[in-house]
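The values are calculated or read from the model by the stated rules, or taken from the named source; none is laboratory data. All figures in this text were calculated on a predicted structure; none of them were measured in a lab. Positions of Cβ are backbone-derived with ideal geometry, glycine not excepted, and every protein chain shown enters the neighbour counts. What goes into the accessible areas is simple: the full protein's heavy atoms, side chains included, and nothing from ligands, DNA or RNA. Shrake-Rupley method; radii C 1.70, N 1.55, O 1.52, S 1.80 Å.
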Amino acid sequence: MAIITISRQVAALGDEVAAAVARKIGYKFITKKELESRIVELGFSAEKLKKYDEKKPGFFASLAKGRDEYLHYLQTAVLESAQEGNCILIGRGAFAILESLPNLISLRFVAKEDVRMHRLMKEFDWNEKQALQRINESDVNRFGFHKSFFNVDLSDASHFLMVLNTGLFSEETAASAIESLVKYYVTPDMEKAGEKRLEELVKCQHLVNKLVFEHKLNVEFLRAEIDGSSIILQGVADSKAVVERAIKLAAVEVPEYNVTSAISVVQDFRTHL
């Protein structure tokens, strides 16, 4: 079992190649709309989704509490989707969320600007100005989204196992290359280690969700990480009392782990509305 993530430029055939790969190897392609639906079903409003979903957040949106809320729901949707196994996830920083999985195959699709322009012009009957505007808008949003939420530079190819220029590959050729990669790259040991790591990531995210959404814990950028028999909480709080409460609540939620804190205390820190 491999988990495939696809990051793509607009008009770089991301959905088309993903669908072709899914047909070839029998994996489930989790589309943009399906992931959107999962985020909303988890509890994030469809209206607020428009502010954050694969977009560079505006100044006030980037400061709002909804930003962290969106990220928790996004990570939950991606992690739970990956746990279904044998799936392809497209966009939304899935490669960054799942980067610690040994059985992850992270791909990025790119193409030259003129290739993407002509594809958009043909698909939507646009002129060059309209196509270029769409490309520039999409590139800015996707770079801003990944920088804001994951501190990732999309132009850094080291984040990906393979980068494909789909201006040079047909859909079928690209799909065949990915099929071979899945077949020969992921070993049984990598699958086993990947399943264990994914279980840890899901457990940690569910703990964070409990603390944030049920217990209303006021810790910004809250994260949890498993280290052996311990769970380490990370984030920013405005008092030691909040940190102590976080440890106590987490210990009740995951009694099988020793809960420790690496939460920073900033006295003047306040949650944004």
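Within region 1-21, residues that are more than 9 Å from residue 88 (Cα to Cα) reach partners that are among the charged types (D, E, K, R) and in a strand (DSSP E or B) with beta carbons closer than 6 Å, at six or more positions or on different chains, in the pairs 7/108; 14/8. Among the numbered conditions (1) without any contact (Cβ under 8 Å) to a residue 60 or more places away in the chain; (2) open to solvent by 40 Å² or more (accessible area, probe 1.4 Å), the only one that residue 207 does not meet is (2).
Just one of the listed residues (161, 201) is under 22 Å from residue 112 (Cα atoms) and at pLDDT 95 or above, and it is 161. Scanning region 210-242 for residues that are open to solvent by less than 20 Å² (accessible area, probe 1.4 Å) and assigned to a helix (DSSP H, G or I) returns a single hit, 211.
Restricting attention to region 236-246, does a residue exist that is more than 22 Å from the chain's Cα centre (by Cα) and among the acidic types (Asp, Glu)? Yes, some residue in region 236-246 is more than 22 Å from the chain's Cα centre (by Cα) and among the acidic types (Asp, Glu).
Scanning region 1-22 for residues that are open to solvent by less than 10 Å² (accessible area, probe 1.4 Å) and in a helix (DSSP H, G or I), we see that the one that is nearest to residue 132 (Cα to Cα) is 14. Quick one: how many residues across region 23-66 are at pLDDT below 80 and either open to solvent by 30 Å² or more (accessible area, probe 1.4 Å) or closer than 23 Å to residue 88 by Cβ (or both)? Result for region 23-66: 10.
Residue pairs whose Cβ atoms lie under 7 Å apart, separated by 6 or more positions or on different chains, with the first residue in region 174-186 and of a type in the set (D, E, K, R) and the second assigned to a helix (DSSP H, G or I) and open to solvent by less than 60 Å² (accessible area, probe 1.4 Å), are 179/21; 179/25.
For region 95-139, give me each residue that is β-branched (Val, Ile, Thr), open to solvent by less than 10 Å² (accessible area, probe 1.4 Å) and part of a helix (DSSP H, G or I). Reasoning before the result, please.
Of all residues in region 95-139, those β-branched (Val, Ile, Thr) come to 97, 105, 110, 115, 135.
Subset that is open to solvent by less than 10 Å² (accessible area, probe 1.4 Å): 105, 135.
Selection gives 135 alone.
Filtering region 67-94 to residues that are open to solvent by less than 10 Å² (accessible area, probe 1.4 Å), closer than 21 Å to residue 51 by Cα and part of a helix (DSSP H, G or I) leaves 70, 74, 76, 77, 78, 94.
Within region 225-243, residues that are acidic (Asp, Glu) sit with their Cβ atoms under 9 Å from residues that are open to solvent by 30 Å² or more (accessible area, probe 1.4 Å) and outside any loop (DSSP other than H, G, I, E, B), at 6+ positions apart or across chains, in these pairs: 225/200; 225/232; 225/234; 225/262; 227/260; 238/265.
So, in region 147-194, of the ones that are more than 30 Å from residue 67 (Cβ to Cβ) and assigned to a strand (DSSP E or B), which residue ends up least open to solvent (accessible area, probe 1.4 Å)? Don't jump to the end; show me each part of the working.
In the first step, residues of region 147-194 are kept if they are more than 30 Å from residue 67 (Cβ to Cβ); the result is 162, 164-193.
Retained after the next criterion (residues that are assigned to a strand (DSSP E or B)): 162, 164-165.
Values: 162: 50, 164: 9, 165: 48 Å².
Filtering region 147-194 for residues that are more than 30 Å from residue 67 (Cβ to Cβ) and assigned to a strand (DSSP E or B), the one least open to solvent (accessible area, probe 1.4 Å) comes out as 164.
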